[in-house]
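What follows is calculated from the coordinates using simple rules that are stated; it is not laboratory data. Computed from a prediction, not measured in an experiment: that's the story for all the values here. Please note: Cβ atoms are built from the backbone with ideal geometry, for glycine as well, and neighbour counts cover all protein chains shown.
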């Protein structure tokens, strides 16, 4: 009997570990690349779409995308004069806790917070539309510390509100605060102490990625003015590139592969592939190509087997990563956002149409679509896949769909 109980406990432990193996703990997933490693997902959908597991209301207004870690869903929303961080149960969609995280951001293109929370260990880091960075306990929602980045570092809010998702690395959290001599800052993740501050750029709407390029660990930011590589250790500017910045709204997250960085923006601008050369003694940038075949607006591209898939303004587009050659373009579900999993693109149109598309260089092949009930605002929260479920948020409502075979 003792052996049987021990075996059962071991099985439960392993099952729990497996069930959380494919979490989505931060913006664009674990690697911030919009790619889920999950397999065993549906390769086509019935006419009505995959089965709805649950629908949860009460998240308030805003465009925050959800993140998922160890059985909990995290997102931000606003109600009355306050922004909140929410924790929901993944199995039922029920709210586990709600905690105040800042003042309600208001804008004529839609109120509320924009960024996705970042989960790191037993804490969740959330950045609101007015620049309020709040660090909370994952289990209880207790606030450990908070600071308004704009007030602390002398920045000003940008036209459509701070939209960044915080980047947590080791003992620090990095953000684009947009202050004079404090555009990009690193704070101690335990208490908010300033570790370093760097540059003078206005804040962008983009969220950063971390990479080791030519042996140097760095954070790649797309600020309001340019793309920069910043030393994670001390904030030193390693390299920069301006041509792809449109000076209106730089939104897309950069994509790094080896020594190459891809970045894109809309408003008539385009995309660039950059080769980072040199090393610790000094880095330079070589422009491999610049063209207008991929113009990411509010969403970012994904890179799969040498092909970039993304929204070039309103059209879903496939682009060769190395050459910048356009392979195909299709109106698909309309302008929207996308992620990748198990050979397919999950494309979510801002008018509430969700589509499943084969990720192939050969042409557009759709394998199903369905429509999500929508508010009177565009669906700008991006889709998320975790542990065999697809999550779609539209303002106050979050949907969970079963996409496992």
| Dividing the alpha-carbon radius of gyration of region 221-268 by 2.2 N^0.38 Å (N being the number of residues), what value is obtained? | 1.16
| said: Rounded to the nearest angstrom and ordered from largest down, what semi-axes does the equivalent ellipsoid of region 64-176 get from its C-alpha gyration tensor (root of 5λ)? | reply: 22, 17, 11
| field | For region 147-216, average projected area of the Cα convex hull in nm² | value | 4.9 nm²
| Once the Cβ-Cβ distance between residue 284 and residue 194 is put in as r, and R0 is 35 Å, what FRET efficiency do you end up with, to the nearest 0.05? | 0.75
| request: Return, ordered by residue number, the residues of region 58-77 whose backbone nitrogen is under 20 Å from a label point located 7 Å along Cα→Cβ of residue 374. | output: 58-66
| said: Step by step: find N for region 336-405, compute 2.2 N^0.38 Å, then divide the Cα radius of gyration by it. What's the final number? | reply: 1.08
| said: Among 312, 300, 180, which one shows the highest mean-square fluctuation when the chain is modelled as a Gaussian network with alpha-carbon springs under 10 Å? | reply: 180
| field | Coordinate range along principal axes, alpha carbons of region 257-405, Å, largest first | value | 52, 34, 32
| said: I'd like to compare 388-401, 228-241: which one has the highest average count of other Cβ atoms within 10 Å, and what's the full order after that? | reply: 388-401, 228-241
| With Rg and the Kirkwood Rh both taken from Cα atoms, where does Rg over Rh land for region 115-177? | 0.96
| field | Global geometry of region 120-246, whether rounded, prolate or oblate, following the gyration tensor of its Cα atoms and the 1.5 cut on a/c | value | oblate
| request: Using only Cα atoms, locate the centre of region 43-70 and the centre of region 182-202, then give the distance between them in Å, rounded to an integer. | output: 34 Å
| Convex hull over the Cα atoms of the chain, averaged projected area in nm²? | 20.1 nm²
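Sorting 190, 81 on the 10 Å Cβ count, fewest up front, what's the list?
Final ranking by Cβ density, sparse to dense: 81, 190.
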| field | Segment residue 137-residue 267, length gained on full extension (0.36 nm per residue, minus Cα span) | value | 42.9 nm
| residue 92/residue 181 FRET efficiency (R0 51 Å; Cβ-Cβ; nearest 0.05) | 0.60
